[in-house]
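Visitor: For reference, the structure I am asking about is given below.
The values are calculated or read from the model by the stated rules, or taken from the named source; none is laboratory data. As the structure is a computational prediction, the values presented were derived from the model and not from experiment. We place every Cβ from the backbone using ideal geometry, glycine too, and count neighbours over all the protein chains shown. Only protein heavy atoms, including side chains, enter the accessible area calculation; ligands, DNA and RNA are left aside. Shrake-Rupley method; radii C 1.70, N 1.55, O 1.52, S 1.80 Å.
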2 protein chains.
Amino acid sequence: MPPFANTSALESFRPLFHPRSIAVVGASASSVSGGNRFIRHLKAFGYQGRILPVHPSAERIEDLPAIRSLADLDEPVDYAYVAVAADAVPGVLASGRGKLRVAQVMSSGFGEIDGGQAMEDRLVAAAREAGIRVVGPNCLGVHSPRARVTFTERTGPEPGRIGIVCQSGGLGIDILRRGRGRGLRFSGLVTVGNCADVSAAEIVQYFAESDDTDVIGLYVEGVRDGRRLFETLRANSTKPVVILKGGRTDQGRAAAASHTGSLVGSDHAWVALARQTGAVLADTLDAFLDTLLVFQCLTPAAVPTRRVVLFGNGGGTSVLGSDAFSRAGFDVPRLPDDIVAALTALELPAGSSVRNPIDTPAGALQKDEGRLFPRILDVVGGSGALDALVVHINMTVVLSFRHVDMLGNLVDAALRAKADGFAPHLALVLRSDGEPDVEEKKRDYRARAVAAGIPIFDELASAAASLAGLRLVEAFRAGLDGQIGGRTVSRRSAAP
Amino acid sequence: MPPFANTSALESFRPLFHPRSIAVVGASASSVSGGNRFIRHLKAFGYQGRILPVHPSAERIEDLPAIRSLADLDEPVDYAYVAVAADAVPGVLASGRGKLRVAQVMSSGFGEIDGGQAMEDRLVAAAREAGIRVVGPNCLGVHSPRARVTFTERTGPEPGRIGIVCQSGGLGIDILRRGRGRGLRFSGLVTVGNCADVSAAEIVQYFAESDDTDVIGLYVEGVRDGRRLFETLRANSTKPVVILKGGRTDQGRAAAASHTGSLVGSDHAWVALARQTGAVLADTLDAFLDTLLVFQCLTPAAVPTRRVVLFGNGGGTSVLGSDAFSRAGFDVPRLPDDIVAALTALELPAGSSVRNPIDTPAGALQKDEGRLFPRILDVVGGSGALDALVVHINMTVVLSFRHVDMLGNLVDAALRAKADGFAPHLALVLRSDGEPDVEEKKRDYRARAVAAGIPIFDELASAAASLAGLRLVEAFRAGLDGQIGGRTVSRRSAAP
């Protein structure tokens, strides 16, 4: 029986996310193994607790005094990073009895390989016997920026409010790195691998209880205890949950079996789980990240988002954007006559359209020293005619007006509007040609916008798909039907 | 009646794509208008023909001698760029009688605005009367790198074999710029705007006849003569056609009406058109570009592509990739026992999977000085067990092995395999965290790979969707059913 069964997940996994001391089992005295790299990452990330390398013979590892065995510890450590051969893992856990709270086992060679289940059973038995919770095996580590703990590089130290449970180590790294570039900031990420002992649901529960976390993301291939995950998600009524489910097709399921040894349930069960808990299912890594970003930036509204106004430069882009929002289940309604009249009074140039989508040549945005865009924001912001405004900017075109910082003015105006309580959801699409000069500007403006709570997307289609996740959560909370990607979602539709 | 009705499209539009001389109507003597910018773009792009500014009073425009009127020309010019107020356009065309072959009218204020249809009718009447073909109005220009003609900057001089007909000027620029960054190379691009005289179908016909063009892309919101487009596409049996259709939803249709004045037909008609002509419908700009890249690089096979092998580093990515290919209608089949045995004999490390997806830790690829990957290519390439191999590389992980150019070795091996006649389609997915150092490498390797005929994608999901377009063309040509995005496509399914 799990030793912490009667404690909260917050208490159970505080040693994982906020370890006061860390043991490292499997660092090498003569070469650079995963354990060595972990110690280097800890130091580089600024970890302030005690690091205790465990080695059968070496005096020092990575310039730190080593101990022979977990059994030699004078006081218990919170967390151990274990990366030794699979058949040595049970012994390591046994030596940690009374000395260790949470072990994360990186080693592979357990349930994910043919004939490895017996080894995984031994691991679990040893952990239970020693009173240690085990994360993994077959994973990569934990990332907890507030505690200055990480298992990889290029992740950034900035803590945030997105908590991630990830069954794939490599994908966990991708989530941290690609996510960081998009402005996502994490409270924590745990790679959970085969989930032999600690389940994905338990970590979800931790994030649900933690004050550091507002949004939860889950990459999972299969769960042993689907009921527990369902109950956990069902009980979590305040924090949006985004699920990237690997193995939703027959061929993906076959791949998952050899990846994490998961016996992957039918896709129907996952669709039902999302429907009944208000979780958002994403289909790709990029959609997962974009949807998490939406929830990092925007607070779900009481009334589900439906009416979207598009504003930007580019007629074809406006047409394709209208298609994308329409496909994602939104309305792009013609604006009421009084709003059209107010916009018309702003004297937009020939080639502009003010009905929605509002489309104006880039040059027009220079008018009156850049005051046109703030005026448009004023007119539409207070109109009550929309639930979300999506501003799309063709960066390359806008940047070609070199004598004025039109892009800066646009982003500044959006930030001011947001700060002044612009009522509808506000999102920005920065469309780039991918060239380094434009991408550099995009990084700058993205950082500023996301810090101010305005999500940034690369294209209108991804904005539409991600905002559909927001609407789904809003609709679920309102007890209404939502719809995403053609799938109808209703709180009331029962059937497990 | 169109004056070139009895000539081929190739002859009719040679003056548009390969003008020996260009008149510019609407360049300013005192400020910088669209006409001035066009002259500057022509010069910067290296246009070698005669440029003739037309101005009612100025002696010189952009350092070139100006003439008063097209009527003053001593000999006919091939192409005129016309950017004057809408109501002045008919007079300009009348003055070009006998002096001008093709005019492109950039001016807006015609059929795309309320009450503008009469002006558009006058334009067409004047053009017919003067014996001049008119492209536009409400467009931006023509890009023809072999003739060193362009209407914008940041497009690159390298000519290629993709011809584009684009009803939106801004989107045309996006296609050139974003497309260039992805490795697309163009034979030409024409923005056709309202298509008052010259239809999209006529330019498609030009590209179908032109030896410079192998692949045709079409962005269109609406066509006046759908039958002609259908017949043109139907008659074109050799060049793949990719269509990005704006206004496929009700809300997109409303936006299109105020953009190009298009009366957009039902989406059903477009699905039917694609089904009956073997054209590929793309839903987003990015999918459009990726699909064009596939056809630039890969030659449709006689037997439709179905069996895909995935190879790369990243277990979760392999699972999600299997899902993506499965959703796009491909098989990711378990490899035959003899191939599995041959791969097993290569002694991939623990954590590898060789069944398909083939998944191996990045570090393994260093083995034997990087010879592992070429051996894998050898084993699968000649096996006859697959139609396409998709190699996905987590660049950030691979680049972290700093003492060896693992990424370079991987790309080189793929290029060698392709050069040595690797039988299945070969595609590369370079997955990046978006940071500048990784993106720079990606640009380098992308350029090399695409030049060698290997398409590069950002993610497995976009590779899957784009290769589905290839399969659709293969299936259409084989007279078989294809399937893309859940839509079944069959040559034999009639019904217009």
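Visitor: Using a Förster radius of 22 Å, what is the FRET efficiency between A:Arg40 and B:Glu440 based on their Cβ-Cβ separation? Nearest 0.05, please.
Guide: 0.30
Visitor: What gaps in nm, shortest first, separate A:Arg234 from its twins in the other copies when you place the label 7 Å past Cα toward the beta carbon?
Guide: Label point to label point, same position, other copies: 5.8 nm.
Visitor: Now a separate question. Out of the total accessible area of chain B (probe 1.4 Å, heavy atoms of protein only), what percent is carbon and sulfur?
Guide: Accessible surface attributable to carbon and sulfur in chain B totals 50 percent.
Visitor: Which whole-number percent gives the relative contact order of chain B, counting Cα pairs below 8 Å spaced six or more residues apart?
Guide: 11 percent
Visitor: Before anything else, pin down the relative contact order of the range A:283-392: Cα pairs under 8 Å, at least 6 apart, normalised by residue count, whole percent.
Guide: For the range A:283-392, the relative contact order is 36 percent.
Visitor: Among the residues of the range A:302-339, which ones have their accessible area go down by 20 Å² or more when all the protein chains sit together, as opposed to their chain alone (1.4 Å probe)?
Guide: The answer is A:Gly315, A:Gly316, A:Val319, A:Leu320, A:Ser322, A:Asp323, A:Ser326, A:Arg327, A:Val332.
Visitor: What is the ratio of the Cα radius of gyration of the protein assembly as shown to 2.2 N^0.38 Å, with N the residue count, to two decimals?
Guide: That ratio works out to 1.00.
Visitor: Once phi is turned into ³J(HN,Hα) by the Karplus curve 6.51 cos²θ - 1.76 cosθ + 1.60 with θ = phi - 60°, what whole-Hz value does each residue of the range A:32-44 show in order, with x for glycine and proline?
Guide: Working through the residues one at a time gives 10, 9, x, x, 4, 4, 4, 4, 5, 4, 4, 5, 5 Hz.
Visitor: Ranked from highest to lowest mean number of other Cβ atoms within 10 Å per residue, what is the order of the peptides A:426-435, A:69-78, A:302-311?
Guide: The most tightly packed comes first, giving A:426-435, A:302-311, A:69-78.
Visitor: For the range B:264-352, which semi-axes, largest first and in whole Å, follow from the square roots of 5 times the eigenvalues of its Cα gyration tensor?
Guide: 35, 15, 12
Visitor: Looking at B:Ala201, B:Val271, A:Cys297, which one has the Cα that reaches farthest to the positive end of the dipole of the protein assembly as shown (charges on Cβ: Lys, Arg +1; Asp, Glu -1)?
Guide: Farthest along the dipole direction, towards plus: B:Val271.
Visitor: Going by amide H atoms built from the backbone, whose H comes under 5 Å of the H on A:Leu426, apart from near neighbours?
Guide: Under 5 Å from the amide H of A:Leu426: A:Leu389.
Visitor: If you don't mind, there's one more thing I want to ask. Amide H to amide H, which residues 5 or more places from A:Tyr219 or on other chains are under 5 Å from it, using H placed in the peptide plane?
Guide: Those lying under 5 Å, H to H, from A:Tyr219 are A:Val165, A:Cys166, A:Gln167, A:Leu244.
Visitor: Report ³J(HN,Hα) in whole Hz for each residue of the range A:68-78, in order, from the Karplus equation J = 6.51 cos²θ - 1.76 cosθ + 1.60 where θ = phi - 60°; Gly and Pro get x.
Guide: Taking θ as phi minus 60°, the curve returns 6, 7, 4, 5, 7, 4, 7, 9, x, 9, 6 Hz for the range A:68-78.
Visitor: While we're here: Using alpha carbons only, how many angstrom separate the centre of the range B:225-291 from the centre of the range B:349-371?
Guide: Answer, in whole Å: 43.
Visitor: Looking at the range B:336-429 from every direction and averaging, what is the projected area of its Cα convex hull in nm²?
Guide: 5.6 nm²
Visitor: Let me ask something else. What size of dipole, in debye to the nearest 20, comes out for the protein assembly as shown about its Cα centre when the only charges are +1 on Lys and Arg C-beta atoms and -1 on Asp and Glu C-beta atoms?
Guide: 380 debye
Visitor: Follow-up. What is the sum of charges, Lys and Arg at +1 and Asp and Glu at -1, for the other residues whose Cβ falls under 12 Å from the Cβ of B:Asn194?
Guide: Numbers: positive: B:Arg224; negative: B:Glu112, B:Glu120, B:Asp121, B:Asp197, B:Glu221.
Counting the neighbours of B:Asn194, the net charge comes to -4.
Visitor: Sticking with this structure for a sec: With +1 on the Cβ of every Lys and Arg and -1 on the Cβ of every Asp and Glu, and nothing else charged, how large is the dipole of the range A:1-134 about its Cα centre, in debye rounded to the nearest 20?
Guide: Numbers: 14 positive and 14 negative charges, 79 e Å.
Dipole size: approximately 380 debye.
Visitor: To one decimal in nm, how far is A:Ala302 from the same spot in the other copies, if labels go 7 Å from Cα toward Cβ? Please give the shortest first.
Guide: Ordered by distance, the counterparts are at 6.9 nm.
Visitor: For peptide B:164-176, how many partner chain Cβ atoms fall within 10 Å of a residue's Cβ, on average?
Guide: The shielding value for this peptide is 4.
Visitor: Tell me the per residue accessible area of the protein assembly as shown using a 1.4 Å probe; a whole number in Å² is fine.
Guide: Normalised by residue count, the accessible surface of the protein assembly as shown is 36 Å².
Visitor: Still on this structure, I have one more. Report the charge-dipole magnitude of the range A:257-382 in Debye, nearest 20, computed about the Cα centre from +1 at each Lys and Arg Cβ and -1 at each Asp and Glu Cβ.
Guide: Charge dipole of the range A:257-382: 200 debye, to the nearest 20.
Visitor: Defining the label point at 7 Å along Cα→Cβ, can you sort the distances from A:Val271 to the same site in each other copy, shortest first, in nm?
Guide: 1.8
Visitor: Roughly how much accessible area, to the nearest 100 Å², goes out of reach of solvent when B and A pair up, both sides summed, probe 1.4 Å?
Guide: In total, chains B and A hide about 4600 Å² from solvent.
Visitor: Evaluate the relative contact order of the range B:157-308 (contact order divided by residue number), counting alpha-carbon pairs under 8 angstrom at least 6 apart; express in whole percent.
Guide: 25 percent
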